[in-house]
Every structure is written in structure tokens, then in C-alpha cells.
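> Next up is a structure, given as C-alpha cells.
The values are calculated or read from the model by the stated rules, or taken from the named source; none is laboratory data. Here the structure is a predicted model, which is why all the values come from computation and not from measurement. Here the Cβ positions follow ideal geometry from the backbone for every residue, glycine too, while neighbour counts run over all protein chains shown.
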Amino acid sequence: MIVLGIESSCDETACSIVRDGREILSNIVATQFDLHNSLGGVVPELACRRHIDTLLPVVEQALHEANITIEQVDLIAVAQGPGLVGALMIGITAAKALSLSLGIPLVGVSHTEAHLYAAIMADATPPRYPCLGAVLSGGHTTVLQINEIGSYRTIGQTVDDAIGEAFDKAARLLGLPYPGGPAIEKLALKGDAARFSFKAGSVKGRPLDFSFSGIKTAVLYACRDNELTDQVKADIAASFQEAALNDIILKLKRALAETSTDTIVFGGGVTNNRRLRTKLAQALPDCRLIWPPFELTLDNAAMIAGLGYIKFSSNQVDDLTLEAVPTKLLDL
Ligand code: KG4
Ligand code: ZN
């Protein structure tokens, strides 16, 4: 079965062709990096306009690279949410139009669930369920129990900023470009992580929850109270990154103890961070860590098409009443 996936929930316009839920025939992502970089973050109205201009060329390119015609597509999958409502609506409208004109079914999928599926679709050995899932992105810091694909129970989440958002805000304070995660990771390589004693927050009575707003303020004070030489900036970046990642490791250890599983599936843009992968491998040597391949960590449509196939195979079909859901879908 050939699935065409569409992703437009935030600042990437993406289309991918995936065969049978796993084999990626093409995976096109048009990033809006240039548009939002100088503005320090995603501007929803500008994102929507760019999606409108870019979506159809991206679909055409995905078909071209997959070496198929549109008539060969069997199913349309689209990110239904969470995300920016206007941005989601553009992808959904295109998906409906394609489904209607081609006379093929349509499935809406959760963007967050798709981030987790990205790791599962790429791994030859499926996880042993139940296992843990961790979505670490610009919009989410969520730890969940995965009973099976489609059945989740949230066991920890952020009460304020998401981890990727914290990276982006810390980067902004350091005068680094958006998105901040990759910039902080690069600068941190030159810094001393022990120079500043930052610490992520804890949530009273909820040991599995996250709070990153305090650490952001600590970075603000460090920037204000020190002469920002290149070395000091690198030290702040390294100290911030280490503290944020240590907190993820701490909460995952607690979640493992609570659920007595030995597998964690990861998803989301922050899983791009190589320091995170190294530290977790060291901290949890007996745990199976299932990471998305680097080309599927950030927002992409291959994960949407892949998950769409799974949903369709378990009898989910949507129709022209499909609507954007800007907030959480399922427990995700
Ligand atoms: O999953 P994603 O593409 O979009 C959302 O669904 O949010 O994640 C984007 C986030 C941004 O906040 C970005 O700064 C962060 O992922 N990110 C990173 C790295 N690469 C991207 N954070 C830390 N280290 C990285 N190397
Ligand atoms: Zn995402």
C-alpha cells in the first residue's frame, strides 16, 4: 500500500511517500528556517502563508522522487494535531482535496504519536510492549507508557516550557540563531559544563513531571551577571544543556522504576542531540533505547505516512469532516 503523508503542524511543510508503513520512497521537508530565524521564533501567520505557497510543490517533489504518479497513491495521511491551528488546516485541506479528487481514503494522525512511531518504523525489531515512550520536542516533554501503538498513558509531562522550547529560549538569550537546540549543542562542545550550577525544576508531589521555566531564568541571570565572552557563552550553553539533559535522565529512571519495563522509545527534535543519546546510553546500559534515525527526528511526513498506514490497517478512516486539533490528541 502506497501512502502519501502530509505534515504542516508548525514551521515545516513536508510530504512523504511510504510503502507499507515502513519503506520510505521519498521524504521532502521544506523548512521555514529562513523566515522565522530573524524573528526569534515561529510567527503563525507567516508560517501559514508559507505552507500555502509550498505545499503543492512539496507534494509534487515527493511523488517525483518516489518515482510514482499520484494515481498510484492508495491512502492519504495527514497530521491532525497538535500544532498551530491555521497551519494544520492547510495540510488537512490539501489532504481532503487529494482524497476526494483521487477517490482514496484519508486518515488523520497525531503528530506526537507519529514522533514516537518514527523510531518504531525504522527499527527492525518492534519494542516489547508495554514500554516507555518519551517525546522530547519543541512542543512536548512527555513520558508515557505505551501499551501498544494507539494506546498510551501519560505518566510525566512538563508543567511549563517544553525542553526544546527551553533550548530555544536559552539560545536566544545567548544570541544564537533559531532553532536553538542545534546551536546550543554545537557551542556546548567548547564549554565547561561545571562552570554554572543550573538545575531544572521539580514539581511538588509529582516526581515524574518536568519544569524548565526556572532554568531559563537562571540562564538569563548568568547572561546578565557575566561578561559574555565567547568562552562564558560556551560555558553557559554546556552547563544549561547538561542540567536539562540530566533532568530527562532522572525522570526516565524514575519512570522505568515505576513501570518496570526495560525499553524506551524516543521521539521529537531534541532526540537529535548526540549528548543526550550518549548520556542516556551510559546512564541506562541495560535498557533498550529505541531512537528515531537522525533524518526522522525533526518534523517530517514519513512518520505521518507510516503511522497513517498502521491506523488504516486497524480500520481507522476519516472523511471530509476531519478537523484540526491544536491541542492534545489521545493521551499524547
Ligand atoms: O520535533 P520538532 O521538530 O518540532 C516539534 O514538534 O516541536 O522539535 C523541534 C525542537 C526545537 O525546539 C529545537 O530547538 C529542538 O527540537 N532541537 C534540539 C536539537 N535539534 C533540534 N534540541 C537540542 N539539541 C538538538 N541537537
Ligand atoms: Zn514535532
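> What pairs can you find where one residue is in region 301-323 and of a type in the set (Asp, Glu), the other is crowded, with 17+ Cβ neighbours inside 10 Å, and their Cβ atoms are less than 7 Å apart, with a gap of 6+ or different chains?
318/106; 318/107; 318/108; 319/106
> Now for a separate question. Looking at (1) among the aliphatic types (A, V, I, L, M); (2) surrounded by fewer than 21 Cβ atoms within 10 Å (Cβ to Cβ); (3) out of contact with any Leu (no Cβ under 9 Å at 6 or more places or on another chain); (4) farther than 21 Å from residue 289 by Cβ, find the lone condition where residue 176 falls short.
(3)
> Hey, another quick one. Of the residues 281, 257, 244, which single one is touching a helix residue (DSSP H, G or I) at 6+ places or on another chain (Cβ under 7 Å) and not aromatic (Phe, Trp, Tyr)?
That would be 244, the only listed residue that is touching a helix residue (DSSP H, G or I) at 6+ places or on another chain (Cβ under 7 Å) and not aromatic (Phe, Trp, Tyr).
> Taking region 32-91 on its own, how many of its residues are among the small types (Gly, Ala, Ser), in a helix (DSSP H, G or I) and under 25 Å from residue 164 (Cβ atoms)?
4
> Can you tell me which residue within region 245-269, out of those that are over 15 Å from the mean Cα position of the chain (by Cα) and not in a helix (DSSP H, G or I), is nearest to residue 138 (Cα to Cα)?
264
> Please identify the pairs in which a residue from region 97-117 that is over 17 Å from residue 302 (Cβ atoms) and modelled with pLDDT of 95 or more has its Cβ atom under 8 Å from the Cβ atom of a residue that is polar (S, T, N, Q) and more than 11 Å from ligand 1 (Cβ to nearest atom), counting only partners at least 6 apart or on another chain.
Sorted first by the residue in region 97-117, then by its partner, the pairs are 105/99; 106/99.
> Would you be able to tell me the number of residues in region 79-117 that are in contact with a Lys or Arg (Cβ under 8 Å, 6 or more places away or on another chain) and either of a type in the set (A, V, I, L, M) or under 17 Å from residue 56 (Cα atoms) (or both)?
3
> Now a separate question. I'd like the full set of residues that are over 19 Å from the mean Cα position of the chain (by Cα), over 18 Å from residue 138 (Cβ atoms) and buried (at least 18 other Cβ atoms within 10 Å of the Cβ), limited to region 27-61.
54, 55, 58, 59, listed by residue number.
> Select, from 229, 278, 297, the only residue that is within 15 Å of ligand 1 (Cβ to nearest atom) and surrounded by fewer than 18 Cβ atoms within 10 Å (Cβ to Cβ).
278
> Follow-up. Please identify the pairs in which a residue from region 266-283 that is touching a residue at least 12 places away in the same chain (Cβ under 8 Å) has its Cβ atom under 6 Å from the Cβ atom of a residue that is of a type in the set (A, V, I, L, M, F, W, C) and within 7 Å of ligand 1 (Cβ to nearest atom), counting only partners at least 6 apart or on another chain.
That search, which allows pairs on different chains as well, returns 269/298.
> I've got another one for you. Exactly one of these conditions fails for residue 170: (1) free of Cβ contacts under 8 Å to residues at least 60 places away in the same chain; (2) more than 16 Å from ligand 2 (Cβ to nearest atom); (3) among the aliphatic types (A, V, I, L, M). Give me its number.
(1)
> Count, please, the residues in region 232-258 that happen to be in contact with a Phe, Trp or Tyr (Cβ under 8 Å, 6 or more places away or on another chain) and away from ligand 1 (no atom under 16 Å from the Cβ).
Number satisfying all stated conditions: 2.
> Quick one: which of 300, 272 is under 18 Å from residue 187 (Cβ atoms), within 16 Å of ligand 2 (Cβ to nearest atom), polar (S, T, N, Q) and within 19 Å of the chain's Cα centre (by Cα)?
Going through 300, 272 in turn, the sole match is 272.
> Given the criterion farther than 29 Å from residue 77 by Cβ, more than 14 Å from ligand 2 (Cβ to nearest atom) and among the acidic types (Asp, Glu), identify the matching residue among 123, 161.
From the options 123, 161, the qualifying one is 161.
> Let me ask something else. Restricting attention to region 281-294, and to residues there that are within 16 Å of ligand 1 (Cβ to nearest atom) and part of a loop (DSSP other than H, G, I, E, B), which single residue is surrounded by the fewest Cβ atoms within 10 Å (Cβ to Cβ)?
It comes out as 293.
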